[in-house]
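Notes to accompany the following structure.
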């Protein structure tokens, strides 16, 4: 039993669950997973190939239209198409392929070990920081760097320093240049500078890998395609910049909605010592939030709108999350747990509200977060009460 | 995904230098414009069978041969380099969404229309063979490798005996069709085939199960080959000692045999005793010895798994999510070979042990090798 289960205060969302309940939740989730694994087949393969096909045709078409971006209608259509293509490439395709969701197809062209994405961060580094660290230590304060990306304070348990006063601004800048933010994050740039590790051979190798990737990416969008556009060069350059900006803002918003909205729990380092499979599942359930919306919206988020299902089963094909969501939600209900979800505007606003609120120390505003703070040693898990 | 396939055909020796550098320049620009993909990823959308593409083919027709066997005619990509009858081709096809590779004998000589064909017999539990015979659809794109295999007839002719069992007939049919094409007006004796004197002893469990039987009989009727068909249910299981009665001039012939391990082993002993030449192709894995297994780790993917000693490393690595090269899965085609950097493996057919010490790179066939201790594989 971890400290997480020992806690009996009102704000512990799992105080009513016995260790047996938690292991039973684990078994039920394992069964949901096994069902999908047994059923996945030709139609799933056809789905991802279709998405890739549409994405490539849309990108080719948009870039072809942008060759004439001197004409405003061409600029608008090309930029819109390229933005959508880049969003699809990053989310429904890149993120999910690199998670290994399609490895079972044994197609070397759609495989986590061979995929490279249209993003500043090299696939290899992203897979390490995202798949291995974030998905393992989800929402564990001090372990999961996704909690504020090392530049923000998004949980009461993170210590406040004056730097965070400006975090709404940091967050906005990070949103605009999100792909570079991810690249710096995957390099653990801040930590490595602080610990003076920028001269080590490992860091140098990773840095040069990232810079090489950024150079190729920038050459493509800001040199080659503009030059190919001839007289439309500057317009194409602007179009590509806007497409990258649009993609960055979109992915940043979607990802903020995954773990930052009010109602999502965070966990202490100690609480995951000796964690069982069932406890790991429960942490993923309480540490993630979904977004409601149309089918097109789900695809555009790479089905990260089913963040809860994704965190429970990171390597199941994304097209299956929608199908299992009702079963997962019913499980939450049966065990008296809160399935956090909301529309995109609501969740984005909620996440931004938290970023703004926590830019100040906990007790700075009249809003009371923890009416009866526990002695520090007993505080194993904190729910951000909305 | 970075593949290394060039998308432009390299220029021929007679091309002027300026054109070569123009093409090189165009290729570089296309690569810069396509990153992080490669130009061929986009060109594949338009024409997956073009020159310079990864070798693929499209299924053009599927003909039933018997209730459980079918001939699949495939239009190969532009880079198909041709084949010699008797060779096999490795085909990758998606079954239930999963890419599966198998090796099949090419059942014909080079065709005027440039197509290739394989004849597949659906075997019980055979994922790919059942799919190809019963469910495959015309128009499906398949993945190919160039033809390979040394089970071919010498070009100068001679006296031969083919001993085939079940689907072991397929490479032999390829050779026979090349020697004696069957047209609407019957089998044709070509001048180039006059130097071949061929007897075929074909074994099958029952008569209707014998694929290509009609074909063999037609050649026999035309006097082009001598056919000895043996069915287990009427004649009893073939005893290799009876061969000398079935084929009176056995000692004057070179034997080519294709079938299950049991038959090939018996033939091997029989021919060795008589001092006869034998060329074989084995199509089945007979598991003889199993051992204790061990941890198998893959250098490049970083994956490590606890492998048991009774199943091939290939199967267990695939189950663990490693993207493995594979082919016939019977120890024939060498499509699954990977360097063993360190460790011990056991050949599941013979029980033979292969050992690699640090610094080595012993090539092992992962489809017939099981871990016999900890193994480190370069993949």
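Note the full-extension length gain between residue A:57 and residue A:70 as 0.36 nm times their separation in residues minus their Cα-Cα distance, in nm to one decimal.
Stretched out fully, the residue A:57 to residue A:70 stretch lengthens by 2.5 nm.
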* Asked: With each run of n ≥ 4 DSSP H residues scored as -39500 (n - 2.57), what mean residue ellipticity at 222 nm is computed for chain A after dividing by its residue count and rounding to the nearest 500 deg cm²/dmol?
  -> -16000 deg cm²/dmol
* Asked: How far is helix A:42-66 tilted, in degrees, relative to the longest principal axis of the Cα atoms in chain A, given as a value from 0 to 90 rounded to the nearest 10?
  -> 50 degrees
* For chain B, divide the Cα radius of gyration by the Kirkwood radius and give the resulting Rg/Rh value with two decimals. => 1.01
* Asked: Per residue of A:100-109, what is the mean number of Cβ atoms on other protein chains within 10 angstrom of that residue's Cβ?
  -> 5
* Relative contact order of chain A, defined on C-alpha pairs under 8 angstrom at six or more residues apart (%) -> 26 percent
* Where both residues lie in chain B, what percent of DSSP beta bridges are antiparallel, nearest 5? -> 65 percent
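Nearest 0.05, what FRET efficiency do residue B:320 and residue B:23 give at R0 = 56 Å with Cβ-Cβ as r?
0.85
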* Asked: If you wrap a convex hull around the C-alpha atoms of segment B:291-377 and split its volume per residue, what is the figure in Å³?
  -> 75 Å³
* Express in nm, to one decimal, how much length is gained between residue B:197 and residue B:148 on full extension, taking 0.36 nm for each residue of separation and deducting their alpha carbon distance. => 15.1 nm
* Inter-label distance for residue B:358 and residue B:125, nm, one decimal - labels placed 7 Å from Cα along Cα-to-Cβ -> 4.0 nm
* For segment B:123-196 and segment A:211-228, distance of Cα centres in Å -> 51 Å
* Describe numerically, in nm with one decimal, the distance between label points set 7 Å from Cα along Cα→Cβ at residue B:134 and at residue B:60. => 2.8 nm
* Averaged over every viewing direction, what's the projected area of the C-alpha convex hull for the protein assembly as shown? Give it in nm², one decimal, please. => 41.3 nm²
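Output the relative contact order of segment B:151-199, whole-number percent, from Cα pairs under 8 angstrom with separation of 6+ residues.
Relative contact order of segment B:151-199: 51 percent.
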* Asked: Based on the mean of other beta carbon atoms within 10 Å per residue, what is the order of A:17-25, B:36-44, most packed first?
  -> B:36-44, A:17-25
* Could you calculate the FRET efficiency of residue B:218 with residue A:20 from 1/(1 + (r/R0)^6), where r is the beta carbon distance between them and R0 is 60 Å, rounded to 0.05? => 0.25
* Take A:249, A:234, A:331 and order them by how many other Cβ atoms sit within 10 Å, fewest up front. => A:234, A:249, A:331
* To do: Would you give the gap between the C-alpha center of segment B:58-111 and the C-alpha center of segment A:288-317, rounded to a whole Å?
  => 40 Å
* Structure fact -> If the chain between residue A:159 and residue A:132 were fully extended at 0.36 nm per residue, the gain over the current Cα-Cα distance would be 7.2 nm
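How large is the convex hull of the C-alpha atoms of segment A:3-383 per residue, in Å³?
Measuring per residue, one finds 152 Å³ for the Cα hull of segment A:3-383.
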* Asked: Which three lengths, in whole Å and largest first, does segment A:241-352 cover when its Cα atoms are put on their principal axes?
  -> 47, 30, 25
* Obtain the nm distance between the two label points defined at residue A:249 and residue A:295 by a simple spin-label model: each point lies 7 Å from its Cα along the Cα-to-C-beta direction. => 2.8 nm
* **Förster radius 56 Å - calculated FRET efficiency between residue A:364 and residue A:114 (Cβ-Cβ, nearest 0.05)** => 0.70
* In whole percent, what relative contact order does segment B:1-151 give with Cα contacts below 8 Å and a gap of six or more residues? -> 24 percent
* Asked: When the helices in chain B are scored as -39500 (n - 2.57) per DSSP H run of 4 or longer and the sum is shared across all residues, what 222 nm value do you end up with, to the nearest 500 deg cm²/dmol?
  -> -6000 deg cm²/dmol
* In the protein assembly as shown, what percentage of the DSSP-assigned beta bridges are antiparallel, given to the nearest 5? -> 60 percent
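Values in this text are rule-based calculations from the coordinates and carry no lab data. In this text the structure is predicted, and so the values were computed from the model without any measurement. Here Cβ is always computed from backbone atoms with ideal geometry, including for glycine, and neighbour counts include all displayed protein chains.
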